[in-house]
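Everything on this sheet refers to the single structure shown next.
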Amino acid sequence: MKGVSNLSRAGTRATVLVGFAEALSAPEVVWSLIDDGFKVVAFARRGRLSPLRYSRHVECHEICAPESSLEKAASDLGALMRLLSGAKGEEKLILLPLDDKAVFLCSRLQLDADWRLAGPMGDSAQVALNKTLQVEAARSAGFSVPETLLVNTADDILDGLANLSFPLILRPSECVPMQDGKLYKCPNWVCASHDELRAALSQWSARVPLLAQPFIEGDGEGIFGVVMPEGIRAWSGHRRLRMMNPHGSGSSACISQPVPADLKQKAEVLLKSINWRGIFMIELLHDRSGKVWFVELNGRPWGSMALSRRQGLEYPAWQARLAMDQECSAGMTISSNRTGVVCRNVGRELMHLLFVLKGAKSKALTSWPSFWKTLGNVLRIRRGDTFYNWRSDDRKVFVADCYCTIHDNLCKSRI
């Protein structure tokens, strides 16, 4: 039995409402919850395809996408929650946001007595959604943080170039920018010259402030855990073997690794300073010289949840149980925490090949992968390799995930 708390499975009746269903982690989160005895319901963007819709273990309900209307999305989600409250009987009800936009939406709802939020709320939600606050907290905790300039206008970045030399990266300071009652996504830009910077600024509408930082090449890493009342439990780490888009994205293949003691100490200071509770992921960058830099804090289930679960780390189930009972960690057990486990996303691996073939968009990326070497690495399946979103009794999810990943990225990237 994996990750069982002092709340016995037989004696607990609870429904977990998760969303958005389109989140990369959604299938693995659902399977973690059902394996621990929870009933799962999901909310999905209206009209949006997602692998979770093909799962035999969850029912999906559509709501308005917050990218269309935040007010209507909140109204639809509230109506769904009232519907579940009316049918709950003796069940406990838990709301678990799966992506940043869901964190934004759920943290602003007025929950009635039937519901528990298994995610950031109040000041914790503010930090989880604001990279400026994260950078400040990380620097105070002792993490190495690149020189950072907050950019509100084009003049800010042009005036600040004396402190930030090329190449540099521009990324939104808010995880979920909002304008005119809608949430939207702001891209990152890597700039190697004034010409590339001017091109990036021409695409930036200045609706959201940006963080300008030196662009550092290296390997993406992550550290994970659960903040319980008595401290952090279930530490784990990973390193990206390949990013889906070498220009900058989540991983298509990653490998588990131990968490160094110094990073544990800094993470503990950081999370204590912001009064964090529940699961977390701290994204890091390991540069070519061996220095580790802070990138950001994720306060919801992360994209590589499949790798965590292949190690026996049932973070989603622990998060739900912590929402029900803050003292549940007393009986929580960890079945394993293996290093050297490789987990791959088939759809993202195929997209990785296409991105490599297309080539770099900025001259800042000086170590662009070789296509033929990449092709060999992607096609080679080693003994012990594991895969995202594979479950023998829910195979349609795996096939749908491959299709959705390729379809959505081709449409978005126009490769």
inquiry  = Against the condition surrounded by 14 or more Cβ atoms within 10 Å (Cβ to Cβ), farther than 20 Å from Asp35 by Cα and either among the aliphatic types (A, V, I, L, M) or in the same structural domain as Glu22 (by TED's automatic domain parsing) (or both), how does Ile381 come out, does it pass?
reply    = no
task = Run down Leu117, Leu129, Leu105, Leu109 and say which single residue is in contact with a helix residue (DSSP H, G or I) (Cβ under 7 Å, 6 or more places away or on another chain), modelled with pLDDT under 95 and not hydroxyl-bearing (Ser, Thr, Tyr).
result = Leu109
message = Suppose the filter is buried (at least 19 other Cβ atoms within 10 Å of the Cβ) and closer than 24 Å to Gly119 by Cα; does Lys185 pass it?
response = no
note = Among helices (runs of 4 or more DSSP H) completely within segment 112-230, the ones holding 3 or more residues that are closer than 28 Å to Met81 by Cα are 122-128
query = From the list Ala267, Ala317, which one is touching a Ser or Thr at 6+ places or on another chain (Cβ under 6 Å) and not in a strand (DSSP E or B)?
reply = Ala317
inquiry  = Based on this model, can you work out whether Gly218 counts as crowded, with 21+ Cβ neighbours inside 10 Å and either basic (Lys, Arg) or modelled with pLDDT of 90 or more (or both)?
reply    = no
query = Is there any pair linking a residue in segment 232-247 that is more than 22 Å from Tyr315 (Cβ to Cβ) to one that is of a type in the set (A, V, I, L, M) and in a strand (DSSP E or B), with Cβ under 8 Å and at least six apart or on different chains, and which?
reply = Arg242/Ala253; His247/Val190
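Being within 15 Å of Pro66 (Cα to Cα) and aliphatic (A, V, I, L, M) is the filter; apply it to segment 153-193 and report the residue that is farthest from the chain's Cα centre (by Cα).
Checked segment 153-193; the qualifying residue farthest from the chain's Cα centre (by Cα) is Met178.
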inquiry  = Out of Val40, Val29, Val58, I need the residue that is among the β-branched types (Val, Ile, Thr) and more than 20 Å from Val399 (Cβ to Cβ). Which one?
reply    = Val40
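The values are calculated or read from the model by the stated rules, or taken from the named source; none is laboratory data. Given the structure is predicted, the values throughout are model-derived calculations rather than measurements. Neighbour counts run over all protein chains shown; Cβ positions are idealised from the backbone, glycine included.
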